[in-house]
Amino acid sequence: MKHTPDLNLLRGLDALLSESSVTDAASRLDLSVPAMSHMLARIRREFNDPILVRSGRTMVPTPRALEMKGRVSRLIQEAMAIQADAAHLDPATIHRDILVVAGEAIMSFLGGPFVAYLRKHAPNIRIGFTAENPDLALRNYAVTLAIGPRSIDGSDVRTELLFEDRIVGVCRRDHPLLDGPVNQERYLAADHLINARGGRMVSPLDALLGAERHARVSAPTVSSLWILLQTDLVGLCYQHQERAAVEALGLETFELPYPLAPVAICQSWLTAHDLDPVHIWLRKTLHQVVADIPFTQPK
């Protein structure tokens, strides 16, 4: 299956062909020599050609590499020119519909600030949100960006970290669980509301916890908070993304009695959008919106 070449690999190829040296190419791209060697290995696999071969104490380009050298250099120059255009883009002149794939928690956290920023700086952009499966939606629909807690596989997909979040426990403020320390025994003895696709009663988190919780209800992430408010069930939520909803409903969060790694929240897009000035501006804008949201520590 054909895919769009990785622009970073083309930059690496351009540096290697210009310098004829892994060490000098690494210096040019501000990479370590091992990282540059790894990139050369990827380039060789991508183009099915050695690209550089040793001749005595030096490296020389292969015949195919020499044929590509001029074209690759022109492509990189064009890419730099397009990126320069994006830096001087006036967002008020953008007329475009964009579609963002994101789950409930992401939309409740980023949706308002993102839309507010666009309304102020790029009022002619129209934005739609959908909670479709990001893996399928990114390739089957005209999706601009997918935002979520995991990267999407595929050589035709780019992924950037937006921020890291944490999973914490959540329940009513007068819940009996909070009358004492929330240790593993007391936590597992509680009845739980879990967040799983399709209403299933088994969550992938159980494998990370190393124990199966007493699941009594399964519900979507944000909607589950309303159920927790009126029951003795115990749930989970994202510390940052759902903080506003948790505080507005008068719920209480608590630290889980298990060590869980932070959750990486990323933005992903198809490589076909790499050099689109508007898309570049949108990606930078999303980073700016995230940077402007105050992250607070759990109580």
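The values are calculated or read from the model by the stated rules, or taken from the named source; none is laboratory data. As the structure is a prediction and not an experimental result, all values here were calculated from the model. Neighbour counts are summed over all protein chains in view; Cβ atoms, including those assigned to glycine, are modelled from backbone coordinates with ideal geometry. Note: accessible area is taken over every heavy atom of the protein model, side chains too, but ligands, DNA and RNA are not part of it. Shrake-Rupley method; radii C 1.70, N 1.55, O 1.52, S 1.80 Å.
In the neighborhood of Glu242, defined by Cβ-to-Cβ distances under 10 Å, what is the net charge if each Lys or Arg adds +1 and each Asp or Glu adds -1?
Once all neighbours under 10 Å are counted, the net charge is -2.
On C-alpha positions alone, give me the angle between the axis of helix 112-121 and the longest principal axis of the chain, in degrees, nearest 10.
With rounding to tens, the tilt is 50 degrees.
What share of Cα pairs, in percent, lie more than 37 angstrom apart in the chain?
So the pairs more than 37 Å apart make up 34 percent of the total in the chain.
Considering the options Val33, Thr221, Leu99, tell which one lies farthest towards the positive end of the dipole of the chain, charges being +1 on Lys and Arg and -1 on Asp and Glu at the Cβ, about the Cα centre.
Going by the Cα projections, it comes out as Val33.
Using the crude model of +1 on Lys and Arg Cβ and -1 on Asp and Glu Cβ, and no other charge, please compute the dipole size for segment 194-299 relative to its Cα centre, in debye to 20.
I would put it at about 140 debye.
Determine the shape class of segment 152-209: with a ≥ b ≥ c the square roots of the Cα gyration tensor eigenvalues, call it rounded for a/c under 1.5, and otherwise prolate if a/b is greater than b/c, oblate otherwise.
Because a/c hits 1.5 or more and a/b exceeds b/c, segment 152-209 counts as prolate.
Averaged over all directions, how much area does the convex hull of the C-alpha atoms of segment 18-140 cover when projected, in nm²?
Mean projected area for segment 18-140: 11.4 nm², to one decimal.
If each DSSP helix of 4+ residues adds -39,500 (n - 2.57) and the sum is divided by the residues in the chain, what number results at 222 nm, nearest 500 deg cm²/dmol?
Estimated from H runs of four or more residues: -11500 deg cm²/dmol.
Loop-only check: which chymotrypsin sites (Phe, Trp or Tyr not before Pro) in segment 227-299 are DSSP coil with at most 16 other Cβ within 10 angstrom?
Loop-located and lightly packed - Phe295.
Consider all pairwise Cα distances in segment 204-244 and report the whole-number % of them above 12 Å.
65
How high is the relative contact order of segment 201-299, in percent, counting Cα pairs under 8 Å that sit 6 or more residues apart?
Dividing the mean separation by the residue count of segment 201-299 yields 24 percent.
Using only Cα atoms, tell me the angle between helix 63-87 and the longest principal axis of the chain; keep it within 0 to 90° and round to the nearest 10.
Its long axis makes an angle of about 50 degrees.
So how strong a dipole does the chain carry about its Cα centre when Lys and Arg Cβ are +1 and Asp and Glu Cβ are -1, to the nearest 20 debye?
Charge dipole, the chain, about its Cα centre: 720 debye, nearest 20.
Could you compute how much accessible surface Leu17 exposes when probed at 1.4 Å, giving the result in Å² to the nearest 10?
In the full protein context, Leu17 sits at about 10 Å².
What FRET efficiency do you get for Ala248 and Gln77 if R0 is 41 Å and r is their Cβ-Cβ distance, rounded to the nearest 0.05?
FRET efficiency, Ala248 to Gln77: 0.20.
In segment 33-126, which trypsin sites (Lys or Arg not before Pro) fall in coil by DSSP and have 10 or fewer other Cβ atoms within 10 Å?
Arg57
Stretch Ala116-Asp30 to full length: gain in nm at 0.36 nm per residue minus the Cα-Cα span?
27.3 nm
Mind checking which of Met68, Trp281, Gly169 is farthest towards the positive end of the chain's charge dipole, using Cβ charges of +1 (Lys, Arg) and -1 (Asp, Glu) about the Cα centre?
Met68
Can you tell me the orientation of helix 277-291 relative to the chain, as the angle in degrees between its alpha-carbon axis and the longest Cα principal axis, to the nearest 10?
Here the helix axis deviates by roughly 40 degrees.
Could you pull out the trypsin sites (Lys or Arg not before Pro) across segment 196-293 that fall in loop regions by DSSP (anything but H, G, I, E, B) with no more than 16 other Cβ atoms inside 10 Å?
Those that pass, being in a loop and sparsely packed, are Arg200.
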